[in-house]
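Have a look at the structure below before the remarks.
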Amino acid sequence: MSETGISRRQLALTLIAGFAAVAVAGVLLRPLVPIDETRYVDVAWEMRLRGSWFLPLKNFDLYTDKPPLLFWLINLVWTVTGGVTGFAARLVAPAFAVGALLGTWALGRRLWDDATGALAATILAGMSIFAIYGGATMFDTLLACATLGGIWALLDAFRAPRFDARSWALLGLALGFGVLAKGPVILFHLGPVIAAFPLWSAPNRRPAGRDIARGLGLALIVALAIVALWVVPAAITGGAEYRHMILWEQTAGRTVQSFAHARPWFWLIATLPAVLFPWIFVPGLWRGFATLRRDDRALRLVLVQALAGLALFSLISGKQIHYLIPELPAVALIFARALIGDARDMSRDWRGALPVALITALLGIGLLGVALGLWGDAKTAALIAPLPPVAAFAALCLLLAFAALRLPRAAGMATLGLGLVLGLAGLIGTTALEPAYDSAPIAHELAAHEAQGIAVVTDRYNAEFGFEGRLTQPVDLPEPDQAAGWLAAHPGGMLAGECKAVPLDPAQAIKVFFYGADWCLWEAPTKTP
């Protein structure tokens, strides 16, 4: 028990409930974030509208970037709830984030004890990056659950003295689930753990080499069978180009040469202070690393998963912070062992909390200074107007900093990390940031002209307006120099695009919205008989 009388288990339950509440609050406070959330919910909508359950659609054309599991789950939720709503769709991925928290707890309990599992769940819930991406409609929380399930199955398989078909089949199930969630990238998360089994499995308990080979073969068969339930009908009905995209370009092609998000090899390493905030700034964590035992095979397992994932994603060309979400449960388990080793995770330690408290206070004060025009640029100040929400966020930062100094270390850090995410969601929902990234106003205007024809002029259309407008037909995508001709050919139609990117007179636009930039909406005159 801590100085406040709360146990690690009670703290973990409180933080998991708090994580779920923050995720729901984020869904309520902020719009669908372009371009990812708007696109993924729209793909689910178009699949439902056209009954295209094997072939994901974007702007009513084949969408080859991602497998269909998230889209299926969104449609399942819509069917169960009886309505197509953005709110219901946006709860799917956060539900898997909660599952990842519970899975981290269970894995920690299995590898060490309940105290480790509970503390790891607390640490993960309090990682600001996990809370941000865990509350978003993306694929990575599904992948995190698949990774945890695969590790659990591996533990069963390698702790059985003889061939255990059930455990290997469950590994195949986890691999298949991961492929349907985000593709073969699941092998980046589980492959190193499988390959490094001599490091973490007990030599006197693991199955014989022949049984391991049989087990891996069975896992592969189960995974391929699960994936084939989608890939085979999709490849047949999607045609040669779709087969090429899903079987090559979106797997090996992305690994060798990224289509997007290409960054230098060290980029992910450079982002680690933000990814692991606030825990990485706790001095006791670093002291605790010295207490970790080299002969701890459970620790080796999670170290392999965390470090190999970072290394592999650093080597490929395409990199995003959220690619590391499936590694964060392993990181949380490592941090939990270190903090328990330091033996002060449930005690007050204001000196240890001081670096994080100062960073958080400076964040709030810095943003308030931008809003007041004391530093920064006018464009940023305009985006976070009006002043009262920014002042409230700054006050929240100071309050969280004080809480980190006063509460027991684990409770203070987790409260701070999660509270910051809640504050950011509130800031988005109550300032000019909300309309600046809300596609709904433009989508509704386009939807009103769908019968006459609608078009968007942009470098790359990601179906930002499809779901919010509940569009039922494709959006035309003319080049900028074709805009005038398109309007002439579609009486009563509407064309939208960034005002500066379309060679039409902005003064003739019927409406102008700020959507990351000024967007003009031009309406074609209706022909008179």
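Computed from backbone phi with θ = phi - 60° and the Karplus coefficients 6.51, -1.76 and 1.60, the 3J(HN,Hα) list for the stretch 188-194 is 5, 8, 9, x, x, 5, 5 Hz; x is used for glycine and proline.
Tell me the carbon and sulfur percent of the accessible area for the chain, rounded to whole percent, probe radius 1.4 Å. Using a 1.4 Å probe with all protein chains present, the chain comes out at 66 percent carbon and sulfur. Counting only DSSP beta bridges with both residues in the chain, the antiparallel share comes to about 70 percent. Calculated accessible area for the chain comes out at 42 Å² per residue, all protein chains present (probe 1.4 Å; ligands, DNA, RNA ignored).
For the stretch 40-69, backbone nitrogen atoms closer than 14 Å to the point 7 Å from Ile236 Cα along Cα-to-C-beta are found at 54-55. Placing +1 on each Lys and Arg Cβ and -1 on each Asp and Glu Cβ, with no other charges, gives the stretch 17-136 a dipole about its Cα centre of roughly 120 debye.
Taking label positions 7 Å along the Cα-Cβ direction at both Leu315 and Ala225, the computed distance is 3.2 nm, reported to one decimal. Checking every one of the chymotrypsin sites (Phe, Trp or Tyr not before Pro) in the stretch 302-389 against DSSP loop status and a limit of 13 other Cβ atoms within 10 Å picks out Trp375.
Measuring max minus min along each principal axis, the C-alpha atoms of the stretch 255-326 give extents of 43, 26, 17 Å (largest first).
Each other residue within a Cβ distance under 9 Å of Leu521 adds +1 if Lys or Arg and -1 if Asp or Glu, for a net charge of -1. Here the Karplus relation 6.51 cos²θ - 1.76 cosθ + 1.60, evaluated at θ = phi - 60°, turns the backbone of the stretch 31-40 into coupling constants of x, 4, 7, x, 9, 6, 5, 4, 5, 5 Hz, with x for every Gly and Pro.
Considering helices alone, the calculated mean residue ellipticity of the chain at 222 nm is -19500 deg cm²/dmol, with DSSP H runs of length four and up weighted by -39500 (n - 2.57) and normalised per residue. FRET efficiency for the pair Gln10 and Ala488, taken as 1/(1 + (r/R0)^6) with r the Cβ-Cβ distance and R0 = 56 Å, rounds to 0.25.
Compactness ratio for the stretch 419-524: Cα radius of gyration over 2.2 N^0.38 Å (N = residue count) comes to 1.14.
Treating r as the C-beta distance of Ala501 and Leu76 and R0 as 30 Å, the FRET efficiency rounds to 0.20. Using every pair of distinct Cα positions in the chain, the Kirkwood expression returns a hydrodynamic radius of 25.0 angstrom.
In this Cβ point-charge picture (+1 for Lys and Arg, -1 for Asp and Glu), the chain has a dipole of about 2340 debye about its Cα centre. For the chain, the Cys residues with no second cysteine's beta carbon closer than 4.7 Å are Cys145, Cys397.
Once R0 is set to 41 Å, what does the formula 1/(1 + (r/R0)^6) return for the Cβ-Cβ distance between Arg166 and Thr380, expressed as a FRET efficiency to the nearest 0.05?
0.15
Taking only the alpha carbons of the stretch 144-230, we obtain Rg and Dmax values of 12.1, 40 Å in that order.
The values are calculated or read from the model by the stated rules, or taken from the named source; none is laboratory data. Bear in mind that the values here come from a model prediction, so they are computed numbers and not experimental data. Counting neighbours? That spans all protein chains shown, and the Cβs are built from the backbone with ideal geometry, glycine included. These area figures cover heavy atoms from the full protein model, side chains too; ligands, DNA and RNA do not enter into them. Shrake-Rupley method; radii C 1.70, N 1.55, O 1.52, S 1.80 Å.
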